[in-house]
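Notes for the one structure printed next.
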Amino acid sequence: MRIMVILLGFIGVGLAAYSMWLQTQQVNDSYRLMQLQEEYSRWFEIKRRVELEWARLQAPDHLRSLAHSRFRLREARENDQWYVLEP
């Protein structure tokens with residue numbers, strides 16, 4: 001009988017320790033999840049800004065104004081244009 005009580009006590013202490021360990025892991029995982037969500041938000045914002053900038057840079061009017069102002073290019077005349085025929 002005494003051995004049964006001691007065994008049940010060890011099992012109870014083991015279950016309590018396991019429960020505390022699980023709660024600690026849950027708190028640690030919650031903090032890690034929060035960090036990952038913040039990191040994802042930052043990267044998502046950077047990706048959104050890069051896509052907006054890429055779209056802005058590919059806009060024909062913007063490219064045309066950049067060619068005129070920064071590179072001092074002019075519109076190509078008809079006799080300056082070359083066409084490559086596909087085989």
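The values are calculated or read from the model by the stated rules, or taken from the named source; none is laboratory data. Just so it is clear, the structure is predicted and the values come from calculations on it, not from any experiment. Neighbour counts are summed over all protein chains in view; Cβ atoms, including those assigned to glycine, are modelled from backbone coordinates with ideal geometry. Side chains are part of the model used for accessible areas, which takes the heavy atoms of the whole protein and leaves out ligands, DNA and RNA. Shrake-Rupley method; radii C 1.70, N 1.55, O 1.52, S 1.80 Å.
Computed from point charges on the beta carbon alone (+1 for Lys and Arg, -1 for Asp and Glu), the dipole magnitude for the chain about its Cα centre is near 300 Debye. Looking at the chain, the pairs of alpha carbons with a distance over 19 Å make up 74% of the total.
Among 24-37, 68-81, the peptide with the highest mean count of other Cβ atoms within 10 Å heads the list, and the full ranking is 24-37, 68-81. Shown for region 1-69: the carbon plus sulfur share of the solvent-accessible area, taken with all protein chains present and a 1.4 angstrom probe, equals 68%. The Cβ shell under 12 Å around Leu63 holds other residues with a net charge of +2, Lys and Arg each +1, Asp and Glu each -1.
All other residues whose Cβ lies under 12 angstrom from that of Arg32 are scored, Lys and Arg at +1 and Asp and Glu at -1, for a net of -3.
Surface exposure of region 1-69, expressed per residue as accessible area with a 1.4 Å probe, stands at 95 Å².
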